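The values are calculated or read from the model by the stated rules, or taken from the named source; none is laboratory data. Please read all numbers here as calculations on a predicted model, not as lab measurements. FYI the Cβ positions are ideal-geometry reconstructions off the backbone, even for glycines, and counts take in every protein chain you see. The protein model used for the area step is the full one, side chains on, heavy atoms only, and it has no ligands, DNA or RNA in it. Shrake-Rupley method; radii C 1.70, N 1.55, O 1.52, S 1.80 Å.
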Amino acid sequence: MRRSSCRKQDEVLIDRLEIYQMFPVICVSVSTAAIIRLHERFEFLDKDQTGQLRPEDLSTLPKLDFNPIGDRIISAFFPPGKETLDFASFVRILAHFRPTDKNHARGGVLQAPASSSTGKLKFAFQLYDQDGDGKISRAELFQALRAMLGLRVTEEQLESIAERAIQEADLDRDDAISFDEFRKSLEKVDIDHKMSIRFLR
Amino acid sequence: MPSRGAPHSPAGQGLPERGLLLLMVLLFLQGSVLPFGAASSPDVSQPAGLNPHKVADVGHNVTKKAFPVLIFDYQHIQAPFEISLWVLLASLMKLGFHLIPRLSSIVPESCLLIVVGLLVGGLIKLAGEDVPPVLDSRLFFLCLLPPIILDAGYFLPIRPFMENLGTILMFAVVGTLWNAFFVGGLLYAVCQIQPNNPSVLHQLELLPCLLFGSIISAVDPVAVLAVFEEIHINELLHILVFGESLLNDAVTVVLYHLFEEYSGVGVVTVMDVFLGIISFLVVALGGVLVGAIYGILAAFTSRFTSHTRVIEPLFVFVYSYMAYLSAEMFHLSGIMALIACGAVMRPYVEANISHKSHTTIKYFLKMWSSVSETLIFIFLGVATVDGDHDWNWTFVTVTVILCLVARVIGVVGLTFIINNFRIVKLTTKDQFIVAYGGLRGAIAFSLGFLLDKEHFPMREMFLTAIITVIFFTVFVQGMTIKPLVELLAVKKKQEAKRSINEEIHTQFLDHLLTGIEDICGHYGHHHWKDKLNRFNKKYVKKCLIAGERSKEPQLIAFYHKMEMKHAIELVESGGGVKLPSAMPSTVSMQNIQPKKPPPAKPVERALPQLPRGREEEIRKILRSNLQRTRQRLRSYNRHTLVADPYEDGFSEFLLKKQKMMELEKKIKHMNNYLTVPAAPPDSPTMRRARLASDPQSYNVKPASDSVPSIQVDLASPQSPDSVNLMDEFRRAEQEEEDRGLMMRPPGDGHAAKDQQKLMRCLSDPGPSPDEDEDEPFLP
């Protein structure tokens, strides 16, 4: 470990105060324990100690290489134009995967919070929709399928699957899947369960 | 004789009444034959069996008797005959209940079957004979129980099971232990608190009480299956209760043997408890291990069965049964072995076996488990009538109350603890259903039956109490659970099938979550699932799945299954199916969209549209010329004079081929008469006719399309219309060519490849109505 544990505690406490002051929004959605853990992780990933993450830091994770959509995930953290990621944004993105708290009504929040099922689905939708036009076109679906299935499958089969998927989901016949159609096709899947990471509670 | 009374309806007997009558007849039959069979007690049957032979030998020395023309030799076939009769009764009962519409919606089948058993038992007793000991423990555990468990294990929905495994284990292990000790302990306490009237209960010691508690506390998979199947509750609750009933077998086995072993001695030391815990782990994990080994063996064997498809199902059944028997041999948990065997072998076996074998396995399992279940309930009824009962009001009522109370407290307490660890929490409604669904069944009875009379003088009292609890749970809880589910508006099972979108997106989300977990550095659920999947793909699938299918990604397998299913549905509904070789699109598999209009195909569009008047004329001409073949056309359609291609495609194809030959001959004839250059023999129409490599390309198309193309003038050269028709034909041909009809057969290679793909698809494990079966292994 780079630092001794007690020094880390102090630093974490100081960081926590800073976080509370600067980013009150995060504290509402993610618990303190989770923030501490994420902070530790952030520092682990931040190899050159700048306090900001860069794409290379994330892509050095070996398992992410294996992941068929690893590069898309990384680009979700680094939207086009931004080369660095600070801790607040890191937490904000990961807050999407907080288990949904169905029992507490969130009064006064204008939009659905990020951790609601809509927020989660929006995040997933953005990973499909590379060009950001709000629809998953046939080509984008094809790309995603190609990424997931690799080279084991022929072009033809991929096309037919993409074709089939679009025809099934595309209700307004615009040859692309909009967010609502995406949500509808996943209505039987328990999104809250599937897209939650427990320790982020 | 209890008589339901034959209904007297003036207007003749309707179906429900017929069903009742059938039941009555059967009961009489059963009542008459069985006592007769039972009369020949086992020790008589042996010499009776030998007698015919002896008589034959002796016959040589004795004076000659008249040759018997007709002999009635019941003993010869007694045992198999009686077994068959019972099975027949069970099956006819099942049939009968569904013929009586109102009854089956109010009363669950299990209750009706128990009632039937009671009636049959009553009949036999009234006939004065001994009731055959039908619910013999060996028969139950070795013959009746395995099919049900195998059916459950083979079709176990793995994904919800694994996701809720922690909860299920908590309920199964901790819940059952709590139930056993609570019921046993309090029962003992209650039995001791009657100092004024020294009753029989005082003799009951702690250990037999605990033993009784452990027998009665186990939730029974057969009863749960029977009742829950009819209420169609949502997947989560179903898997919770059902999983619990399966996994508590290990606990029950250990507790039962532990207390039985030491009841004689009367004292259990700490060492024994410790050994008991170790024994539990051995029993549970050992059972699973044995099952998994046999499962892998079965999967491996199925890899080589491509040449002997006929016996494929047999491997599945025999390996599973052997897993069960092997586990029972070591007193491990046979139920867990069966579940493990079925669950492990299924993904690999399904990838290897043919469509037909898959169907066979599915239907055999369903059939056996259904018959077994029916028999078990009937036997429960019969055994109730038969056994010596020792009714003790205190004991029985206290048992029933304690069982209920223990169950409720157990479920509520455990849920409170478990909810801290669950993402999707269990609500009060869920808890209620889980508690209410804790039904006891025949396993408890059989375990009680196994008790030795010597060591347990209270055996009859135990049995009575067990039967009462079983009756209470099955009748009261079983009958009321359906209205309660409606009342509480518990979420029901969603019947719809899984779509390709769901499949794709679920996989996508899995990858996403794995990636996010990696970024967080959290070794969660998805991480391990991913690791297991990778291991599975890399090593296991290569060994256990034959040929190229081992490399096939899950999504593709799912997609193929779905397309097959749709294809079969479409053909069955008589829709317009076009096989890929006739379609010029890039879609390699059938692009069947029953809901949406199919993408326009150039072949259709290129067929010219004739003006209506012309069409009528042509049709008239053709009709008159096709007179002689009319009797061979099976379906006469006003629009086409070609028989409906869906009936017996191949013979139609031959018919058409023959007509083509005639057509070509006639055209050649006409060429001699007309100066108009006739259509070359290789005209588009001829070519298209030859294209028909599959009979189904002759679709039922509107007349305007098909008439000029195929049924061109067969009129004799003297027909006044012939010349006009030829012009028409030529014009049509030119129109076709102008529109650039795509006439070359879609590349032969393409067709061949599609045929291959289709063949492989046909050898795939086929469609399954159950949506859960569509899921890939560990999605």
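No other residue among B:I114, B:I148, B:I124 is buried (at least 16 other Cβ atoms within 10 Å of the Cβ), closer than 23 Å to B:L338 by Cβ and β-branched (V, I, T) apart from B:I148.
Here is a check on your reading of the model: is B:K425 in contact (Cβ under 8 Å) with a residue 40 or more places away in the chain and among the charged types (D, E, K, R)?
Working: in contact (Cβ under 8 Å) with a residue 40 or more places away in the chain: no; among the charged types (D, E, K, R): yes.
No, not satisfied.
Residues in the range A:117-154 that are open to solvent by 60 Å² or more (accessible area, probe 1.4 Å) and within 9 Å of chain B (Cβ to nearest Cβ) were compared, and the one that is farthest from the chain's Cα centre (by Cα) is A:T154.
Here's the yes/no breakdown for (1) farther than 30 Å from B:I423 by Cα; (2) modelled with pLDDT under 85; (3) within 11 Å of chain A (Cβ to nearest Cβ):
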site	(1), (2), (3)
B:L439	no, no, no
B:A442	yes, no, no
B:K491	no, yes, no
B:C520	no, yes, yes
B:H527	no, yes, yes
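Among the residues here, B:A351 does not qualify as modelled with pLDDT of 90 or more, crowded, with 17+ Cβ neighbours inside 10 Å and assigned to a helix (DSSP H, G or I). From the list B:H522, B:H511, the lone residue that is in a loop (DSSP other than H, G, I, E, B), under 17 Å from A:I73 (Cβ atoms), out of contact with any Gly (no Cβ under 7 Å at 6 or more places or on another chain) and not aromatic (F, W, Y) is B:H522. Within the range B:326-341, does at least one residue satisfy the condition of being crowded, with 18+ Cβ neighbours inside 10 Å, aromatic (F, W, Y) and touching a residue at least 12 places away in the same chain (Cβ under 8 Å)? No, every residue in the range B:326-341 fails to be crowded, with 18+ Cβ neighbours inside 10 Å, aromatic (F, W, Y) and touching a residue at least 12 places away in the same chain (Cβ under 8 Å). Looking only at residues of the range B:222-269 that are open to solvent by 20 Å² or more (accessible area, probe 1.4 Å) and small (G, A, S), we find that the one that is nearest to the chain's Cα centre (by Cα) is B:G264. Of everything listed in (1) over 21 Å from B:L165 (Cα atoms); (2) at pLDDT 85 or above, the single unmet condition for B:T269 is (2).
Within this structure, A:T60 fails the test of being touching a residue at least 24 places away in the same chain (Cβ under 8 Å) and surrounded by fewer than 14 Cβ atoms within 10 Å (Cβ to Cβ). Going through the range A:155-183 one residue at a time, which ones are over 20 Å from the mean Cα position of the chain (by Cα), more than 8 Å from every other protein chain (Cβ to nearest Cβ) and surrounded by fewer than 19 Cβ atoms within 10 Å (Cβ to Cβ)? If the condition is that a residue be over 20 Å from the mean Cα position of the chain (by Cα), more than 8 Å from every other protein chain (Cβ to nearest Cβ) and surrounded by fewer than 19 Cβ atoms within 10 Å (Cβ to Cβ), then A:E155, A:L171, A:D172, A:R173, A:D174, A:D175 are the ones that fit.
Here B:K366, B:K425, B:K356 are screened, and the one residue that is of a type in the set (K, R), over 25 Å from B:I311 (Cα atoms) and surrounded by fewer than 19 Cβ atoms within 10 Å (Cβ to Cβ) is B:K425.
In this entry, B:T473 is excluded by the filter for residues that are open to solvent by 30 Å² or more (accessible area, probe 1.4 Å), part of a helix (DSSP H, G or I), more than 14 Å from every other protein chain (Cβ to nearest Cβ) and at pLDDT 85 or above.
Applying the set (1) part of a helix (DSSP H, G or I); (2) of a type outside the set (A, V, I, L, M, F, W, C); (3) open to solvent by less than 60 Å² (accessible area, probe 1.4 Å); (4) within 27 Å of A:D65 (Cβ to Cβ) to A:S196 leaves exactly one unmet item: (1).
Selection of the range A:48-75 for residues being facing chain B (nearest Cβ under 9 Å) and either within 23 Å of B:H505 (Cβ to Cβ) or in a helix (DSSP H, G or I) (or both) yields A:L58, A:P62, A:K63, A:L64, A:F66, A:N67, A:P68, A:I69, A:G70, A:R72, A:I73, A:I74. For B:F181, the criteria (1) surrounded by fewer than 21 Cβ atoms within 10 Å (Cβ to Cβ); (2) over 30 Å from B:V268 (Cα atoms); (3) at pLDDT 90 or above; (4) not aliphatic (A, V, I, L, M) hold in every case but one, which is (2). All but one of (1) surrounded by fewer than 19 Cβ atoms within 10 Å (Cβ to Cβ); (2) under 30 Å from the mean Cα position of the chain (by Cα); (3) within 7 Å of chain A (Cβ to nearest Cβ) hold for B:K542; which doesn't? Among (1) surrounded by fewer than 19 Cβ atoms within 10 Å (Cβ to Cβ); (2) under 30 Å from the mean Cα position of the chain (by Cα); (3) within 7 Å of chain A (Cβ to nearest Cβ), B:K542 violates only (3). Can you tell me which residue in the range B:388-407 is surrounded by the most Cβ atoms within 10 Å (Cβ to Cβ), limited to those that are in contact with a helix residue (DSSP H, G or I) (Cβ under 7 Å, 6 or more places away or on another chain) and aromatic (F, W, Y)? So the residue we want is B:F395.
Within the range A:77-92, being within 26 Å of B:F508 (Cβ to Cβ), more than 9 Å from chain B (Cβ to nearest Cβ) and surrounded by fewer than 20 Cβ atoms within 10 Å (Cβ to Cβ) holds for A:F78, A:P79, A:P80, A:G81, A:K82, A:S89, A:R92.
Looking across B:L103, B:L88, one residue alone is over 30 Å from B:Y319 (Cα atoms), open to solvent by 30 Å² or more (accessible area, probe 1.4 Å) and either touching a residue at least 60 places away in the same chain (Cβ under 8 Å) or in a helix (DSSP H, G or I) (or both). It is B:L103. Looking at B:L225, B:L207, B:L240, B:L236, just one residue is touching a residue at least 60 places away in the same chain (Cβ under 8 Å), within 30 Å of B:G264 (Cβ to Cβ) and in a helix (DSSP H, G or I), and that residue is B:L207. Return yes or no: is B:I516 facing chain A (nearest Cβ under 7 Å), touching a residue at least 60 places away in the same chain (Cβ under 8 Å), open to solvent by less than 60 Å² (accessible area, probe 1.4 Å) and in contact with a helix residue (DSSP H, G or I) (Cβ under 7 Å, 6 or more places away or on another chain)? Criteria not met by B:I516.
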